[in-house]
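The structure appears below as structure tokens.
No lab work stands behind these numbers, since they all come straight from the coordinates. These numbers were taken from a predicted model, which means no experiment stands behind them. Glycine also receives a Cβ, built like all others from the backbone with ideal geometry; neighbour counts cover every protein chain displayed.
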């Protein structure tokens, strides 16, 4: 895997142009979606991702804030893709049964 260094000590760009946290396979966007979904602060991120150091977490957050518009656009694009995929697939058989039983 070819990685390119950045101005952020713990952030590298992989061969696909995706920012990842150094010495891990975790994408910066994965950490950010946890912040957006759960409202986690750096300490909570560390508790939930103990393999990341606080330095790595803060570096990823700094990268996000410096590239917020592009990363938010990517998150929106992923959300739209997921919504479209859910619509195409439809309701699962399990969900349908649970709905029929009044459990959903």
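Dividing the radius of gyration of the alpha carbons in the range 1-43 by their Kirkwood radius gives 1.02 for Rg/Rh. One quarter of the surface of the convex hull around the alpha-carbon atoms of the chain equals 8.8 nm², the direction-averaged projected area.
Listed from fewest to most Cβ neighbours within 10 Å, the set 63, 49 follows the order 49, 63.
In this rough spin-label picture, where each label sits 7 Å from Cα along the Cβ direction, the residue 70-residue 41 distance is 3.0 nm. Averaging the Cα positions of each part gives two centres, and for the range 13-42 and the range 64-104 these lie 19 Å apart. Provide the FRET efficiency to the nearest 0.05 for the residue 27-residue 100 pair, computing r from the beta carbons and using R0 = 30 Å. Taking R0 as 30 Å, the efficiency between residue 27 and residue 100 is 0.20.
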